[in-house]
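The values are calculated or read from the model by the stated rules, or taken from the named source; none is laboratory data. Fair warning: this is a prediction, and the values are worked out from it, not measured in the lab. All Cβ positions, even for glycine, are placed from backbone atoms using ideal geometry, and neighbour counts span all protein chains on display.
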Amino acid sequence: MPKPARRRGDAGQAFPIYITVVAGLLFLAFAYLAVGQGAVSRNGAQTAADAAALAAAQDTRDQLADQWLRDIRDPDKWQDVFDGKLDVDPDSCVRADELAALNDSHLDEPCQPDGLLAYKVRVMTNKPVGDSIVPGTEGMYAKAEARAVIEPLCEPPDLTPGSDVLPELACEGGKTWTPDPDDSASLPKPEDLFDVHLADD
């Protein structure tokens, strides 16, 4: 008779340990879930920031390309275009705001041109991280920032004084354009004139 009693006692002692282990595992599972929620929210914010910065830079790139086409018969003005000098304010931050919204975020600070050929943006997600075992996450919003630059791909040539012939435009990759204003097929596209990419700094 004593042996069965001992077995029941062992089972009774093991049950609290089992409950403690299960509770610990559940806590770890919820903790990993909270970390995962935060990571997803941060990734979403970074995606929104990258898209917003690139959108602003691409909009300015397109305006620079359009200005080059307007000035194509006046090669003296080409250098200003490749330096990022526009005749009007490009107002490209509107595109940054639109792209942030498309990624369920908004600009946390006003979009800022960073010189003539770059943009910086900082965004915040529209939705909080959400409820978790970590106190306060239900009211926390992910933030991220990004910088996009516009890199000229072409080098305006040295001009021959008094020449009425438009000079060739040499661009990266060994591509040379002989622009003919009356032949649209001979004209480079915006992506041929400028590259747009994210920058770490």
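Among the residues of the range 90-110, is any modelled with pLDDT of 90 or more, in contact with a strand residue (DSSP E or B) (Cβ under 7 Å, 6 or more places away or on another chain), over 30 Å from residue 183 (Cβ atoms) and in a loop (DSSP other than H, G, I, E, B)?
Within the range 90-110, one or more residues are modelled with pLDDT of 90 or more, in contact with a strand residue (DSSP E or B) (Cβ under 7 Å, 6 or more places away or on another chain), over 30 Å from residue 183 (Cβ atoms) and in a loop (DSSP other than H, G, I, E, B).
Under 8 Å by Cβ, and 6 or more places apart or on different chains, what pairs join a residue from the range 177-199 that is more than 16 Å from residue 57 (Cα to Cα) with one that is loosely packed, with under 12 Cβ neighbours inside 10 Å and of a type in the set (Gly, Ala, Ser)?
177/186; 178/186; 179/186; 180/186
Okay, residues lined up against (1) modelled with pLDDT of 80 or more; (2) surrounded by 16 or more Cβ atoms within 10 Å (Cβ to Cβ); (3) over 21 Å from residue 80 (Cβ atoms); (4) not basic (Lys, Arg):
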| site | (1), (2), (3), (4) |
| --- | --- |
| 144 | yes, yes, yes, yes |
| 150 | yes, yes, no, yes |
| 157 | yes, no, no, yes |
| 163 | no, no, no, yes |
| 172 | yes, no, no, yes |
| 175 | yes, no, yes, no |
| 179 | yes, yes, no, yes |
| 183 | yes, no, yes, yes |
| 188 | yes, yes, no, yes |
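Pick from the range 76-93 the residues that are surrounded by fewer than 18 Cβ atoms within 10 Å (Cβ to Cβ) and of a type in the set (A, V, I, L, M, F, W, C): which of them is nearest to residue 114 (Cα to Cα)? Quick ask: steps written out before the conclusion?
Here is the first cut: in the range 76-93, the ones surrounded by fewer than 18 Cβ atoms within 10 Å (Cβ to Cβ) are 76-77, 79-80, 83, 85-89, 91.
Then keep just the ones that are of a type in the set (A, V, I, L, M, F, W, C); that gives 86, 88.
On the way: 86: 15, 88: 17 Å.
The extreme case among them is 86.
The rows are residues; the columns are (1) of a type in the set (A, V, I, L, M); (2) under 30 Å from residue 168 (Cα atoms); (3) touching a Pro at 6+ places or on another chain (Cβ under 8 Å).
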| residue | (1), (2), (3) |
| --- | --- |
| 80 | no, yes, no |
| 97 | no, no, no |
| 102 | yes, no, no |
| 108 | no, no, no |
| 116 | yes, yes, no |
